[in-house]
Amino acid sequence: MKYIYIINGRADKVSQYDEFFAQLKENPHLHEVYTTMGEGDATRYVRLYCDLHPEEEICFVACGGNGIINGVASGLVGYAVSSEEAARQSVNKTMAILYFGGATQDFIINFPGRDFRNVRAMLDGTVTPIDIIQVNDSFCLNVCNLGFNSKVASRANELVAKGKSAHQAYTRGVINAFLTSRFNRIKVTVDGERIARGRMVLCTVANGRRVGGEFNCAPHAKVDDGLIDVCYFRAMSLARLLMLFPLYRSGQHIGSRPGRNKVLYRQAREVTISSEDLIDIYIDGEQLPGSQFHLKILPGALPLRLPKLP
């Protein structure tokens, strides 16, 4: 087994990987390190490597936060679904995750008790298949956001680029969205049935449970149940949304009194999103513009190596 560690060339502080390189020296094994050169490079690299080495047994290790993890996962799954031959070969291609800081990492919360900072635990781990969501020609490992949440992500990304921490940026993005993005004309259809009519505040289409570092948007989501979790907020007054906000953070918004008749929660296998206007949805924190989106669950499509439990 060969391990290819993929690190983010855009990381603000190269020193955040000092611990990672120290652990590599302490745990000799067949490996190489690849540093990404720009947006989308992790996906391109993984797909090209798989195409050129179809027989080689490889574990691609995403080292970093949401963006790099999505990039590696998208490359591996995209390779596997591109052809029947690739799908047959992909059984010898797996993925793992190491997290040493950087952008907020929401996905690993789905695996409590696992140490995603420990190279030895990763090497001794076991592979389990997990789901991933296909979004048009892209892939979502954790959560897709639209409406209010898209506005939050857009503003947060602007602030991170200016040097704010991910937590500060997301909080300020939320405040901005309260003022500018509470009445969105976006149609959401779940397994062929429109979830609601009229305007909406936000919608999360989730494989995982958490977004933005602290918001438990889809508390019932499981990454291996073959289902997409959809949480939809109808348009509402600012006062009511402010009452719901702390519940949304803690995952208690579903079935709550402030959310009665306003917060809808569904599980599905396919979701369509449409708008007469150009909108943005955010896939694991990355922007995807458009007006028509088709999302479907790919059950067990990603072979993920989980760190060994203590």
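The values are calculated or read from the model by the stated rules, or taken from the named source; none is laboratory data. The structure displayed is predicted, hence computed values, not measured ones. Because the Cβ atoms are built from the backbone with ideal geometry, glycine has one as well, and the counts that use them run over all protein chains shown. Side chains included, ligands, DNA and RNA excluded: accessible areas come from the protein's heavy atoms. Shrake-Rupley method; radii C 1.70, N 1.55, O 1.52, S 1.80 Å.
For segment 120-255, divide the Cα radius of gyration by the Kirkwood radius and give the resulting Rg/Rh value with two decimals. Kindly include the intermediate steps, with their values, before the conclusion.
Details: Rg = 16.1 Å, Rh = 16.1 Å.
When Rh is taken as the Kirkwood radius, the ratio is 1.00.
Modelled label positions at Leu309 and Asn136, each set 7 Å beyond Cα in the direction of Cβ, lie 4.1 nm from each other. Rounded, prolate or oblate, given the Cα gyration tensor of segment 186-291, with a/c below 1.5 counting as rounded? Note, shape of segment 186-291 comes out rounded. In terms of its C-alpha gyration tensor, segment 12-75 comes out oblate, because a/c is 1.5 or above while a/b does not outweigh b/c. Rolling a 1.4 Å probe over the protein heavy atoms of the chain, with every protein chain left in place, gives an accessible area that is 50 percent carbon and sulfur. The residues of the chain expose, per residue, 45 Å² of accessible area to a 1.4 Å probe.
Can you work out D for the chain in µm² s⁻¹ from Stokes-Einstein, where Rh is the Kirkwood radius over C-alpha pairs, the temperature is 10 °C and the viscosity is 1.306 mPa s?
On the way: Rh = 19.9 Å.
Translational diffusion coefficient: 80 µm²/s.
Can you give the % of DSSP beta bridges in the chain that are antiparallel, to the nearest 5? Expressed as a percentage, antiparallel bridges in the chain total about 70. Mind checking which lysines have their Cα closer than 16 Å to the Cα of Lys151? Skip sequence neighbours fewer than 8 apart in that chain. Counting by Cα, and skipping residues close in sequence, Lys151 has no lysines nearby.
Tell me whether segment 252-294 comes out rounded, prolate or oblate; compute the Cα gyration tensor, take square roots of the eigenvalues as a ≥ b ≥ c, and use a/c under 1.5 as the rounded threshold. Can you show the working numbers first?
Working: a/c = 2.12, a/b = 2.05, b/c = 1.03.
In terms of gyration-tensor shape, prolate.
Legend: translational diffusion of segment 230-310 by Stokes-Einstein, Rh = Kirkwood radius over C-alpha pairs, 4 °C, 1.567 mPa s; D = 82 µm²/s.
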